[in-house]
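A short worksheet on the structure shown next.
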């Protein structure tokens, strides 16, 4: 059973990693958000399925990631990155996974309160490092978005 | 502790199964979606609590399920079946569980973009088969739905 | 590995506890909802980050909690407390955790159907008791809310 236990431990650690990304995003901590990646981690943005479309943007390395996250954080009053399911396959010291996220962004545009929702799938490649599991590659897929006026 | 480990392994496998249903639905793979059921698996649809209302529809067996899923898939531009919590009780080679899903359906109706949201609870009966855990019975409960014009 | 297994078992039990709160809320069972707390459990409500704001309400003890939950239940036609991620740290017989919940409340106001959504984070302190894990302290943080007319 020990292989089963190791897989359970790895999968929980990987899920914690994915959730840490959301936590740091919502708490407006771009450095914490960048630290869930390997030093040379890569995020690619897709507005369609990665198997049939090209990335619309690529960010490489923790410093560039932190800078990108800091810019994003500054645009919103509040965000809630609600993570749903994670399906992860561990193969030794690497792993791949798909995680669902409904990302809510609250902002004001010309005094109007707006809720911007993004239906995201994270297609991740993970690596076991001396500091624990990290995201080495993240394909961030926007399946659809919605923007609407919102009142409390 | 070995009973605990087995339960952890079973619960993770069952959760993966529930998540596979969502994955195949969203990727428009009705055969993959039907394969999470036993060969004679049954899905019953409820528009109210199953303890106090009758099913409004019943689909039995993988072939009929695949056909039903294929029809559903064709109606929508995109779907996002965001799974929340799963509460599962394992008893030997069977299990029961409740899973929350906020099911988002993007479509066009007379040129208007529409977002149809369904608050779903899956009340499942699982069976351990030679191919792994499968869903033998799924009561699909629509607690409420919402349909609204949507812009990107 | 036994420490790992114990942590996995504890984390699953704690997640089940958090999910039981949502289940009992949505099934309109305020006593079941109160039973996930220790006898002297405390819920504090925050309309901003707990590190920088004071609670806007505090409820102490199972009887007061059940009464509060019963009052809330009576206001809504239906609720769906969709739980996302839980990040939990176990330390012996206590634990702390953050859980995301997108709480949907369907109601009628002067004949109009309304959907009230609350983006909630539960910041919990758990205790291992003879009856299993219980919530001893819950800081319930409303990050934002949205109220909108809704049609089926």
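The values are calculated or read from the model by the stated rules, or taken from the named source; none is laboratory data. Model, not experiment: these values are computed from the prediction. Positions of Cβ are generated from backbone atoms using ideal geometry, with glycine treated the same way; all protein chains shown enter the neighbour counts.
Of all residues in region C:129-152, which are loosely packed, with under 15 Cβ neighbours inside 10 Å and closer than 30 Å to residue C:111 by Cα?
Of region C:129-152, the ones loosely packed, with under 15 Cβ neighbours inside 10 Å are C:129-132, C:149, C:151-152.
C:149, C:151, C:152 - these are the residues of region C:129-152 that are loosely packed, with under 15 Cβ neighbours inside 10 Å and closer than 30 Å to residue C:111 by Cα.
I'd like to verify a number: residues in region A:53-62 that are touching a residue at least 12 places away in the same chain (Cβ under 8 Å) and over 28 Å from residue A:92 (Cα atoms), how many? Give the derivation first.
To start, the set of residues in region A:53-62 that are touching a residue at least 12 places away in the same chain (Cβ under 8 Å) comprises A:55, A:57-62.
If we keep only those that are over 28 Å from residue A:92 (Cα atoms) as well, we get A:55, A:57.
Here the count works out to 2.
Kindly indicate whether any position in region C:87-98 is buried (at least 18 other Cβ atoms within 10 Å of the Cβ), free of Cβ contacts under 8 Å to residues at least 40 places away in the same chain and within 28 Å of residue A:100 (Cα to Cα).
Residues of region C:87-98 buried (at least 18 other Cβ atoms within 10 Å of the Cβ): C:88, C:90, C:95, C:97-98.
Now drop any that are not free of Cβ contacts under 8 Å to residues at least 40 places away in the same chain, which leaves C:98.
Checking which are within 28 Å of residue A:100 (Cα to Cα) leaves us with C:98.
Yes - at least one qualifying residue is present in region C:87-98.
Being over 18 Å from residue A:132 (Cα atoms), within 11 Å of chain C (Cβ to nearest Cβ), out of contact with any helix residue (DSSP H, G or I) (no Cβ under 6 Å at 6 or more places or on another chain) and surrounded by fewer than 20 Cβ atoms within 10 Å (Cβ to Cβ) narrows it down to one residue among A:53, A:2; which is it? Explain how you work it out, then say what you get.
Numbers: A:53 fails: within 11 Å of chain C (Cβ to nearest Cβ).
Unique residue meeting the criteria: A:2.
Could you list, in sequence order, all residues of region A:1-35 that are under 21 Å from residue C:121 (Cα atoms) and not in a helix (DSSP H, G or I)?
A:27, A:28, A:29 - these are the residues of region A:1-35 that are under 21 Å from residue C:121 (Cα atoms) and not in a helix (DSSP H, G or I).
If you check every pair at least six apart or on different chains, which have Cβ atoms under 7 Å apart with a residue in region C:99-112 that is surrounded by fewer than 23 Cβ atoms within 10 Å (Cβ to Cβ) first and a residue that is outside any strand (DSSP E or B) second?
C:105/C:76; C:106/C:76; C:106/C:77; C:107/C:75; C:107/C:76; C:107/C:77; C:108/C:77
Just checking, does region B:134-143 include any residue being modelled with pLDDT of 95 or more and over 16 Å from the mean Cα position of the chain (by Cα)?
no
Search region A:23-52 for residues that are closer than 12 Å to residue A:73 by Cα and pair each with any residue that is modelled with pLDDT under 95 and outside any loop (DSSP other than H, G, I, E, B) when their beta-carbon atoms are under 7 Å apart and the residues are at least 6 apart or on different chains.
Hits for this filter: A:28/A:73; A:30/A:73.
Please specify each residue of region B:5-50 satisfying the condition of being within 19 Å of residue B:93 (Cα to Cα), within 14 Å of chain A (Cβ to nearest Cβ) and touching a helix residue (DSSP H, G or I) at 6+ places or on another chain (Cβ under 9 Å).
The initial filter retains those residues of region B:5-50 that are within 19 Å of residue B:93 (Cα to Cα), namely B:5-18, B:35-42.
Filter again for within 14 Å of chain A (Cβ to nearest Cβ), leaving B:5-18, B:36.
Within region B:5-50, B:5, B:6, B:7, B:8, B:9, B:11, B:12, B:36 qualify.
State whether one or more residues within region C:36-50 are buried (at least 19 other Cβ atoms within 10 Å of the Cβ), touching a strand residue (DSSP E or B) at 6+ places or on another chain (Cβ under 9 Å) and under 22 Å from residue B:84 (Cα atoms).
Among the residues of region C:36-50, at least one is buried (at least 19 other Cβ atoms within 10 Å of the Cβ), touching a strand residue (DSSP E or B) at 6+ places or on another chain (Cβ under 9 Å) and under 22 Å from residue B:84 (Cα atoms), which makes the answer yes.
What number goes with the only condition from (1) surrounded by fewer than 20 Cβ atoms within 10 Å (Cβ to Cβ); (2) at pLDDT 95 or above that residue A:72 does not pass?
(2)
Among the strands (runs of 3 or more DSSP E) confined wholly to region A:56-152, which include 1 or more residues that are within 14 Å of chain B (Cβ to nearest Cβ), over 28 Å from residue C:141 (Cβ atoms) and in contact with a strand residue (DSSP E or B) (Cβ under 6 Å, 6 or more places away or on another chain)? Before you say what the answer is, go through the steps one by one.
Details: elements: A:57-60, A:78-91, A:94-109, A:112-129, A:132-149.
Of the strands (runs of 3 or more DSSP E) lying wholly inside region A:56-152, those with at least 1 residues that are within 14 Å of chain B (Cβ to nearest Cβ), over 28 Å from residue C:141 (Cβ atoms) and in contact with a strand residue (DSSP E or B) (Cβ under 6 Å, 6 or more places away or on another chain) span A:78-91, A:94-109, A:112-129, A:132-149.
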